[in-house]
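In what follows, a single structure is set out as structure tokens and then discussed.
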Amino acid sequence: MDTSELAAMINMPESWVYREARKLGLKGYKLGRGRNAKVQYKRSDVFRWLEQQKLH
């Protein structure tokens with residue numbers, strides 16, 4: 001899942017995802033080199049994080 005998909009899924013801007021993902025425990029994987037390299041996130045990590053955000 002790329003940054004734009006993740007941002008759309010959680011209804012937050014991409015800039016927020018780039019800034020906060022690591023703090024939230026979502027490790028990004030950079031594919032390619034340079035500034036324009038895509039950052040991908042494991043779907044399983046994203047869904048695990050979402051499960052932890054549930055209100056009980």
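Condition check ((1) at pLDDT 90 or above; (2) under 9 Å from the mean Cα position of the chain (by Cα)) across all residues:
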{"residue": "ASP2", "(1), (2)": "yes, yes"}
{"residue": "SER15", "(1), (2)": "yes, no"}
{"residue": "ARG22", "(1), (2)": "no, yes"}
{"residue": "LYS27", "(1), (2)": "yes, yes"}
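Can you list residue pairs whose Cβ atoms sit under 8 Å apart, with the first residue in the stretch 30-56 being touching a residue at least 40 places away in the same chain (Cβ under 8 Å) and the second being surrounded by 10 or more Cβ atoms within 10 Å (Cβ to Cβ) and among the polar types (S, T, N, Q)? Count only pairs 6 or more apart in sequence or on different chains.
TYR41/THR3
When the stretch 21-56 is examined, which residues are found to be outside any helix (DSSP H, G or I), polar (S, T, N, Q) and either open to solvent by less than 100 Å² (accessible area, probe 1.4 Å) or closer than 21 Å to ASN11 by Cβ (or both)?
Scanning the stretch 21-56 gives GLN40, GLN53.
The values are calculated or read from the model by the stated rules, or taken from the named source; none is laboratory data. Computed from a predicted model, the values in this text were never measured in an experiment. A quick note on method: Cβ atoms are made from the backbone with ideal geometry, for glycine too, and the neighbour counts reach across all protein chains shown. Please note that ligands, DNA and RNA were not included when accessible areas were found on the heavy atoms of the full protein model with its side chains. Shrake-Rupley method; radii C 1.70, N 1.55, O 1.52, S 1.80 Å.
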